[in-house]
Amino acid sequence: MQRIFSGIQPSGIPTLGNYLGAIRNWVPLQADHECIYCVVDLHAITQWQEPSLLARQTRELAASLMACGIDPVGQILFLQSLVPEHAELAWIFNCVARLGWLNRMTQFKDKAGKDRENASAGLYVYPNLMAADILAYHATRVPVGDDQRQHLELANDIAQKFNHDFGADFFPAIEPLILGPAARVMSLRDGTKKMSKSDTSDQSRINLNDSAAAIAQKIRRARTDPEPLPGEPAGLEGRPEARNLVGIYAALADTDEAGVLSQHGGKGFAAFKEDLAGLLIATIGPIAAETGRLLADPAHVDGVLRGGAERAKRIAGPIVAEAKRLVGFLAA
């Protein structure tokens, strides 16, 4: 089995966008891969976090992942900060990576914005830690979206330079795992913006712990336009809100835009929204219930993360120890 590593930041209960864009696709990978899923709290603090909120959101995310179908027994689900090998290898990679490489990382420029002089050093070297996350396990496949492709290329550059500098064929090449076209879920209030927890309006998103009533209300209130649904995908051009709702329906029903429109073309949005809300409730209801059950026992969630960290450490420990030996560090 090939080993997969994937990480997700602890920002609390995921949104429908997180679920359809990534988490849902992680679940079937467990059938024929060795999967290591990490809640990356070290990455989270590259921007300031309120400590008690970070702890709460870490548990919420872990519970949500399990509720979505991530198996912490057959696979590994753990908390990044509990495995010190991540930080140790990241420091080595800080000394392998070149400033010119990091200067080309577009995500730092996007996150730092015009005030880059006040951005944390951690945000700048974030890609080196991401490389360490993957290579500490000699993982060879990583599910990635478009926003992380550049970081994955950098991880391969770091691995190759390490191997060259220390004369060892040690770190493997990493392949991006493309899981088909990812569902790009947009805001329910503005079809030109991604669905996000940072949006001030809770009406802009579906959360994976929303009640059936909340989901139905949000979909009824979702922004649309006065025209009926078209019969073909070409009719969605210039209609971002309509395309967003059709895309969500298609992802939930495991079809495409054409399939949705062949069934609903010509209808007004009122009837379509009722059908869409029903699909969402059927999908999210069980996830919300299981998330609530798990969060009622936070000690259990913490125990799952600690147990996963012990198993992760048994893999990463020898790999990072050998990397340290190759660098020339004396054994402890």
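All of the numbers you see were taken from the coordinates with simple rules; none came from a lab. Since the model is a prediction, treat every value here as computed from it, not as a measurement. Every residue, glycine as well, gets a Cβ built from its backbone with ideal geometry; the counts of neighbours run over all protein chains shown.
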Inset, instruction - Treating each Cα of the stretch 167-239 as an identical point scatterer and ignoring solvent, apply the Debye formula and state log10 I(q)/I(0) at q = 0.11, 0.26 Å⁻¹. - result: -0.47, -1.22
Legend entry - Rounded to 10°, Cα long-axis angle of helix 85-96 versus longest principal axis of the chain: 70
Legend entry - Exposure proxy ranking, count of Cβ atoms within 10 Å, fewest first, for Met66, Met195: Met66, Met195
Legend entry - Percent of C-alpha pairs per 10 Å bin, the stretch 94-164, short to long: 19, 53, 24, 3
Inset, instruction - Given a cut-off of 22 Å, name the pairs among Lys111/Lys324; Lys109/Lys194; Lys161/Lys313; Lys109/Lys313; Lys111/Lys161; Lys111/Lys218 whose C-alpha atoms lie farther apart than that in the structure shown. - result: Lys111/Lys324; Lys161/Lys313; Lys109/Lys313; Lys111/Lys161; Lys111/Lys218
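Of Trp48, Trp26, how do they rank once you tally other Cβ atoms within 10 Å and put the fewest first? Before the final figure, lay out each step's value.
On the way: Trp48 9, Trp26 22.
Ranking Trp48, Trp26 by Cβ neighbours within 10 Å, fewest first, gives Trp48, Trp26.
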Inset, instruction - Relative to the compact-globule scaling 2.2 N^0.38 Å, provide the ratio for the alpha-carbon radius of gyration of the stretch 247-316. - result: 1.78
Inset, instruction - Estimate the FRET efficiency between Ala55 and Gln107 by the formula 1/(1 + (r/R0)^6), using the beta-carbon distance for r and 22 Å for R0, to the nearest 0.05. - result: 0.30
Inset, instruction - Among Ser204, Ser198, Ser64, rank each residue by its count of other Cβ atoms within 10 Å, from fewest to most, as a rough exposure measure. - result: Ser198, Ser204, Ser64
Inset, instruction - Kindly provide log₁₀ I(q)/I(0) values, in the same order as q = 0.13, 0.25 Å⁻¹, from the Debye equation applied to equal alpha-carbon scatterers of the stretch 68-131. - result: -0.49, -1.04
Inset, instruction - Take the alpha-carbon positions of the stretch 63-189, form their convex hull, and give its projected area averaged over all directions (one quarter of the hull surface) in nm². - result: 10.6
Inset, instruction - Determine, from the Cβ-Cβ distance of Arg149 and Ala331 and an R0 of 35 Å, the FRET efficiency 1/(1 + (r/R0)^6), rounded to the nearest 0.05. - result: 0.40
Inset, instruction - Beyond 35 Å, what share of the Cα-Cα pairs of the chain is found? Please give it as a whole percent. - result: 27
Legend entry - Modelled FRET efficiency - R0 30 Å, Arg220 with Arg293, Cβ distances, 0.05 increments: 0.60
Inset, instruction - Could you tell me the largest-minus-smallest coordinate of the C-alpha atoms of the stretch 1-122 on each of the three principal axes, in descending order and whole angstroms? - result: 43, 32, 26
Legend entry - Distance cut-off 23 Å, percentage of C-alpha pairs in the stretch 202-293 lying past it: 22
Legend entry - Mean projected area (nm²) of the alpha-carbon convex hull when the stretch 45-93 is viewed from all directions: 4.6
Legend entry - Mean separation of Cα contacts under 8 Å (6+ apart) over length of the stretch 202-293, as relative contact order %: 41
Legend entry - Restricting the stretch 69-160 to trypsin sites (Lys or Arg not before Pro) in coil, as DSSP defines it, with at most 15 other Cβ within 10 Å: Arg98, Arg104
Legend entry - Cα→Cβ-extended label distance, 7 Å offset, between Ser120 and Lys194, nm: 1.9
